[in-house]
Amino acid sequence: MGPQSVKMSVDTSVLLRAITGDDKRQSERAQVELANADMVAVALPALCELVWVLGLGYKIPAAQISKAIRRLINGANLAVNRPAVEAGLAVLDAGGDFADGIITYEGSWLGAEASSRAIRKRRIF
């Protein structure tokens, strides 16, 4: 029997280990698993949480986080909602919140004309 095809979805913990290298054994294992998978699906909530933890928990500057996310999503075996991630990165790069960019993008995709953040700025609620 030949090698099995591995298509997996990853959570924030695996991404953190692979990116930060903060635990050598776990980091190496995460990097190997990600590299050896035929496909790695990364859900938007996992990326939002990853950006939040890297910024607030690890105190990594937004520019470095943006570079790390771009390296991650450019992996040949990675599956992600790229337009949504690019929207989040655009907001992050402009000094805003990554998750707000993704929420606004998805809201627009679903037919919304304004985000709740824009509405709050107009003091509607």
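Values quoted throughout were computed directly from the atomic coordinates according to the rules given, and no laboratory measurement underlies them. Being a predicted model, the structure only gives us computed values, none of them experimental. Cβ coordinates were reconstructed from backbone atoms using ideal geometry, including for glycine residues, and neighbour counts include every protein chain displayed.
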Quick one: what are the phi-derived ³J(HN,Hα) couplings along the stretch 37-54, Karplus 6.51/-1.76/1.60 with θ = phi - 60°, whole Hz, x for glycine and proline? 6, 5, 8, 10, 8, 10, 6, 4, x, 5, 5, 4, 5, 4, 4, 4, 5, 4
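Which of the chymotrypsin sites (Phe, Trp or Tyr not before Pro) found in the stretch 45-103 are loop residues per DSSP with 15 or fewer other Cβ atoms within 10 Å of their Cβ?
Working: sites: TRP52, TYR58, PHE98; in loops: TYR58.
Here the sparse-neighbourhood loop sites are TYR58.
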In nm², the average projected area of the convex hull spanned by the Cα atoms of the stretch 40-89 is 3.1 nm²
Tilt, helix 98-109 to longest principal axis of the chain (alpha-carbon atoms), in degrees rounded to tens, equals 70 degrees
Please give the net charge around ASP93, taking every other residue with its beta carbon less than 12 angstrom from that of ASP93, where Lys and Arg add +1 and Asp and Glu add -1. 0
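Hand me the trypsin sites (Lys or Arg not before Pro) from the stretch 43-82 located in a DSSP loop with no more than 12 other Cβ atoms within 10 Å, in residue order please.
On the way: sites: LYS59, LYS67, ARG70, ARG71; in loops: LYS59.
Those satisfying the criteria are LYS59.
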Would you please put 78-84, 12-18 in order of how densely packed they are, using the mean number of other Cβ atoms within 10 angstrom per residue and starting with the highest? 12-18, 78-84
Can you pull the three principal axis extents for the Cα set of the stretch 1-47, in Å, largest first? 36, 26, 10
Scoring the stretch 7-121 by relative contact order with C-alpha pairs under 8 Å, at least six apart, yields a percentage of 20 percent
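Return the inverse of the average 1/r over all pairs of distinct C-alpha atoms in the chain, which is the Kirkwood hydrodynamic radius, in Å to one decimal. Don't skip to the answer; put the middle values down first.
Details: mean 1/r = 0.0639 Å⁻¹.
When all Cα pairs of the chain are included, the Kirkwood radius is 15.7 Å.
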Listed by chain and number, the aspartates and glutamates with an alpha carbon less than 18 angstrom from that of LYS59, same-chain partners under 8 positions apart left out, are ASP22, ASP23, GLU49, ASP93, ASP97
